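These notes are about the structure you will find just below.
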Amino acid sequence: MDKITQETLNDWNEQINQLSLEESIALVLKHAEGKIVFSTSFGIEDQVITHYLNPHYDKVEFFTLDTGRQFNETYEVFQKTQSKYSKLKIKTYYPEEADIQEYYQKSGVNGFYNSIEERKQCCFIRKVKPLNKALQGASVWITGLRAEQSANRESMRFLEWDADHQLIKFNPLLHFTLKEVEAEVEQYNIPINSLYKKGFLSIGCAPCTRALELGEEFRAGRWWWENGKKECGLHIHIDQNS
């Protein structure tokens with residue numbers, strides 16, 4: 001960290017603990033320097049953050065990753081979001097065609113079902129590489145991560161130094177419960193993916209996402225054929241050859 005020290009981050013984290021969502025976003029946008037970006041997958045958390053970032057549309061760069069294997073319902077909520085927040089410009093990043101062709105030739109169109117390694121490689125091609133391009137030159141990355149989403153996210157803080165991307169990661173909804181997120185959606189009539197009410201609480205690529213069954217944890221519907229900790233690599237570093 002060059003301009004912002006760990007001491008400063010600690011101080012901001014203490015302040016944010018006492019602030020509302022709107023106030024915490026205002027604090028970071030006021031004091032952070034450089035390029036500030038927000039990544040949205042149009043999940044319910046990202047939609048709430050979009051609503052609160054909308055008044056600051058000229059200070060934040062919005063982007064999304066189009067993997068090429070998304071649900072049509074995701075594109076529908078993308079369109080609804082653009083209509084409701086008409087001043088926002090959401091840039092889309094795509095995987096490299098050459099990478100997709102090479103993967104298809106080597107592993108097959110649905111090779112991610114074959115092994116964890118092949119699934120991670122697919123995630124790397126479709127998500128991690130485009131994300132790295134989107135984050136180039138950014139100093140702050142705003143995300144929709146919440147602590148209760150998975151065990152490995154419980155130790156996160158509102159503001160953290162992301163050594164992999166050399167920037168500050170800001171997680172404004174970190175301590176929100178799902179019920180609190182849903183309350184924000186209802187109060188402000190925020191558009192959400194229609195799959196959400198069908199049990200898809202965490203929505204990724206269509207071949208890798210299913211609805212939750214009763215009593216399952218939040219991310220159980222993602223890569224359901226795998227066991228153990230499951231992440232795509234956007235928020236946990238995945239080496240290209242892992």
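Each value in this text was obtained by applying a stated rule to the coordinates, not by laboratory testing. In this text, all values refer to a predicted model and were calculated from it rather than measured experimentally. Heads up, the Cβs are rebuilt from the backbone with ideal geometry, glycines too, and the neighbour counts pull from every protein chain shown.
The table below lists the values:
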item: Residues within the stretch 129-176 that are of a type in the set (A, V, I, L, M) and out of contact with any helix residue (DSSP H, G or I) (no Cβ under 9 Å at 6 or more places or on another chain), tallied; result: 7
item: Subset of the stretch 95-134 (residues that are in a loop (DSSP other than H, G, I, E, B) and touching a Lys or Arg at 6+ places or on another chain (Cβ under 9 Å)); result: Pro95, Glu96
item: Considering residues of the stretch 49-75 that are within 16 Å of the chain's Cα centre (by Cα) and of a type in the set (Asp, Glu) only, the residue nearest to Tyr103 (Cα to Cα); result: Asp66
item: Members of the stretch 68-94 found to be in a loop (DSSP other than H, G, I, E, B), touching a residue at least 24 places away in the same chain (Cβ under 8 Å) and of a type outside the set (Phe, Trp, Tyr), listed by number; result: Gly68, Arg69, Lys87, Leu88, Lys89
item: Criterion: over 25 Å from Arg219 (Cα atoms), among the hydrophobic types (A, V, I, L, M, F, W, C) and under 17 Å from the mean Cα position of the chain (by Cα) - qualifying residue of Ala138, Ala134; result: Ala138
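Residues are listed down the side, and each one gets a yes or a no for (1) closer than 25 Å to Asp58 by Cβ; (2) among the β-branched types (Val, Ile, Thr):
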| position | (1), (2) |
| --- | --- |
| Glu102 | no, no |
| Gln105 | no, no |
| Ala134 | yes, no |
| Ile142 | yes, yes |
| Asp162 | yes, no |
| Phe170 | yes, no |
| Tyr188 | yes, no |
